[in-house]
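Asker: Before anything else, here's the structure in question.
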Amino acid sequence: MATYSEIRDLFTLDDLKNKVTTATLISAYNLLSGTPTTSDKLYADSVFANPSQEALKVFMAVLASNKDNSVAQISGASDAAIQSAVDTVIPFLVDAKAGA
């Protein structure tokens, strides 16, 4: 299990942050590829307008959700694992952006 200090240190891990940013962009695109709601469109627009800002929110949530894993497991997560973690967070952020 990663300590809180170790999780905080992961905030500076650019490779992991870049993967989460990419996964956030993909998740936002996926919102639009089906039958998007107005909330989906608004959230996707915010992601595409400022991917770094929106991805930082997702990044923090993904780190928090992996608190029971080791630093090695978190930092070595596969693209598929990262995408899955991001996809889990996005619906909550869509609702938050919509004020739901």
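Asker: Name the helices (runs of 4 or more DSSP H) wholly inside segment 1-84 in which the number of residues that are of a type in the set (A, V, I, L, M) and more than 20 Å from Gly99 (Cα to Cα) is 1 or more.
Answerer: The qualifying helices (runs of 4 or more DSSP H) are 4-9, 14-33, 51-65, 71-75.
Asker: Looking only at residues that are of a type in the set (Val, Ile, Thr) and surrounded by fewer than 17 Cβ atoms within 10 Å (Cβ to Cβ) in segment 71-90, which one is farthest from Asp40 (Cα to Cα)?
Answerer: Here the residue is Val71.
Asker: Within segment 16-53, can you find the residues that are without any contact (Cβ under 8 Å) to a residue 24 or more places away in the chain, acidic (Asp, Glu) and in contact with a helix residue (DSSP H, G or I) (Cβ under 8 Å, 6 or more places away or on another chain)?
Answerer: none
Asker: Considering only segment 27-53, how many residues are more than 15 Å from Ala85 (Cα to Cα), under 14 Å from the mean Cα position of the chain (by Cα) and not aliphatic (A, V, I, L, M)?
Answerer: Selection size over segment 27-53: 8.
Asker: Of all residues in segment 6-26 being among the hydroxyl-bearing types (Ser, Thr, Tyr) and modelled with pLDDT of 95 or more, which is surrounded by the fewest Cβ atoms within 10 Å (Cβ to Cβ)?
Answerer: Thr22
Asker: Still on this model: Just give me the residues in segment 32-42 being surrounded by 15 or more Cβ atoms within 10 Å (Cβ to Cβ) and either touching a Pro at 6+ places or on another chain (Cβ under 9 Å) or at pLDDT below 95 (or both), in sequence order.
Answerer: Once the filter is applied, which keeps residues that are surrounded by 15 or more Cβ atoms within 10 Å (Cβ to Cβ) and either touching a Pro at 6+ places or on another chain (Cβ under 9 Å) or at pLDDT below 95 (or both), segment 32-42 yields nothing.
Asker: Also, I was wondering about something else. Out of curiosity, is Leu93 surrounded by 17 or more Cβ atoms within 10 Å (Cβ to Cβ) and either aromatic (Phe, Trp, Tyr) or farther than 16 Å from Leu25 by Cβ (or both)?
Answerer: Considered against the rule, which asks whether it is surrounded by 17 or more Cβ atoms within 10 Å (Cβ to Cβ) and either aromatic (Phe, Trp, Tyr) or farther than 16 Å from Leu25 by Cβ (or both), Leu93 comes out as no.
The values are calculated or read from the model by the stated rules, or taken from the named source; none is laboratory data. Here the structure is a predicted model, which is why all the values come from computation and not from measurement. FYI the Cβ positions are ideal-geometry reconstructions off the backbone, even for glycines, and counts take in every protein chain you see.
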